[in-house]
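Peer 1: Supplied in C-alpha cells, the structure appears directly below.
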Amino acid sequence: MIKVVIVDDEVRSRETIREMLKLYCPDTVVVGMGENVRTGIEAIKTHKPDLVMLDIKMPDGQGFDLLRQLMPVDFKLIFITAYEEYAIKAFKFNAVDYITKPVDPVELQSAVERVIKMVETGGMNNKLQQLLDSYLKPATSEGKKFTLRTADTIYVVELDDILRCEATRNYTTFYLKNGEQIMMSKSLREYEDFLVENNFLRIHQSHIINLAHLKRFRKDEFICILSDDTQVPVAHRKRDELIRALSEL
C-alpha cells in the first residue's frame, strides 16, 4: 500500500483528492494532510509517506519552500497546480509529475500510476534538485512563451514581447511591443502570479509592467515610462517595491 500525504490550502481540494484516490487508486492510502507549508512539513515528517501531492501556492509560501526545507527527500512527488500556463513545461522538463485543477480522475489515476512506477527515489531527488535550482535562478522572460485563449483564438506570445497589462473591471488587456492589443475576459489577478515569476511587477491596482521594457521611473511623479514611451502610473504604496526590483536588475 502506497502511503500518501496531501498538502493543499483548499479544504475542498484536499477532500476531493482523497476521495478520488480511494475510488481510482486502490493501492494508495492517505495517511495525512496539510493546509500550508508548515503543516505539510509536519505531516510528512510524522507519516513518512511514499508519495506527496503538493500544491504550489499556499498562504505561507510555495511548495518549493516545503521541498527546500525537506531536501534531500525520500518520497515521490506530484504537483497540484492551477497555474497551467507556466507550470506544465517546467515540471515535465524535470520529470516531476503534476495534475491541474480542477482535478480530473483519469489524469489523477495516470499521474499516480506513473509516479508509483519510479523505483529510483534518488533519481527523483536529483530531478527535484534540478527543479529547485531552476526555481532559485533570477527570473527572466527571455524565450518563454505564454498562451492567451479567447473564445475564438489562441494567441501564443513571447513574454518578452509583452510591454504591460492593464485591468478594466474584470477584463485584462495585454499590450505587445508590435502595437497589438489582446483583451482577455479575466481579471489581472488571474495572471499576476505567473507574470511576477517572470520579471513583471504589479505597480498599480490596474497595471503590471514588464521590467525588461522599463526605460525610466520618475520618482517624484510616480510615473514609469516604457520602451514604447507609454507612461504608466505607480501607486504610492508600490514605489519602494519598484525601486527594490530595479536595484536587482
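Peer 1: For THR100, are the conditions met, namely being at pLDDT below 75, among the hydroxyl-bearing types (Ser, Thr, Tyr), within 30 Å of GLU19 (Cβ to Cβ) and surrounded by 13 or more Cβ atoms within 10 Å (Cβ to Cβ)?
Peer 2: no
Peer 1: If you go through segment 139-171, how many residues are among the hydroxyl-bearing types (Ser, Thr, Tyr) and touching a residue at least 40 places away in the same chain (Cβ under 8 Å)?
Peer 2: Number satisfying all stated conditions: 3.
Peer 1: So, one more: Among the residues of segment 71-83, are any of a type in the set (D, E, K, R), modelled with pLDDT of 85 or more and surrounded by 18 or more Cβ atoms within 10 Å (Cβ to Cβ)?
Peer 2: Yes, segment 71-83 contains a residue that is of a type in the set (D, E, K, R), modelled with pLDDT of 85 or more and surrounded by 18 or more Cβ atoms within 10 Å (Cβ to Cβ).
Peer 1: Additional query: For the subset of segment 200-224 comprising residues that are more than 19 Å from SER247 (Cβ to Cβ) and part of a loop (DSSP other than H, G, I, E, B), which member is most open to solvent (accessible area, probe 1.4 Å)?
Peer 2: GLN205
Peer 1: Looking only at residues that are more than 21 Å from the chain's Cα centre (by Cα) and either assigned to a loop (DSSP other than H, G, I, E, B) or in contact (Cβ under 8 Å) with a residue 12 or more places away in the chain (or both) in segment 172-183, which one is surrounded by the most Cβ atoms within 10 Å (Cβ to Cβ)?
Peer 2: Only one residue fits best here, namely TYR175.
Peer 1: Okay, next question. Considering (1) open to solvent by 10 Å² or more (accessible area, probe 1.4 Å); (2) more than 19 Å from the chain's Cα centre (by Cα), say which one SER13 fails and leave the rest.
Peer 2: (2) is the only condition that SER13 fails.
Peer 1: Shifting gears a bit: Among the residues of segment 149-169, are any of a type outside the set (Val, Ile, Thr), in a strand (DSSP E or B) and loosely packed, with under 13 Cβ neighbours inside 10 Å?
Peer 2: yes
Peer 1: Taking the conditions exactly as written (within 21 Å of VAL30 (Cα to Cα), modelled with pLDDT under 60 and outside any strand (DSSP E or B)), does VAL119 satisfy them or not?
Peer 2: Yes: the conditions hold for VAL119.
Peer 1: Still on this structure, I have one more. Could you look through segment 152-171, keep only residues that are of a type in the set (A, V, I, L, M) and under 23 Å from LYS215 (Cα atoms), and pick out the one that is nearest to the chain's Cα centre (by Cα)?
Peer 2: For segment 152-171, the residue satisfying everything is LEU159.
Peer 1: Would you point out the residue of segment 225-238, among those that are surrounded by 13 or more Cβ atoms within 10 Å (Cβ to Cβ) and without any contact (Cβ under 8 Å) to a residue 60 or more places away in the chain, that is farthest from HIS207 (Cα to Cα)?
Peer 2: Going through the qualifying residues, I end up with ILE225.
Peer 1: Just a yes or no: is a residue in segment 186-199 in a strand (DSSP E or B) and either open to solvent by 30 Å² or more (accessible area, probe 1.4 Å) or within 19 Å of GLU241 (Cα to Cα) (or both)?
Peer 2: There is no residue in segment 186-199 that is in a strand (DSSP E or B) and either open to solvent by 30 Å² or more (accessible area, probe 1.4 Å) or within 19 Å of GLU241 (Cα to Cα) (or both).
The values are calculated or read from the model by the stated rules, or taken from the named source; none is laboratory data. Keep in mind that this is a model prediction, so the values were computed, not measured. Cβ: placed from backbone, ideal geometry, glycine included. Neighbour counts: every protein chain shown. Remember, those area values only see protein heavy atoms, side chains included, never the ligands or the DNA or RNA. Shrake-Rupley method; radii C 1.70, N 1.55, O 1.52, S 1.80 Å.
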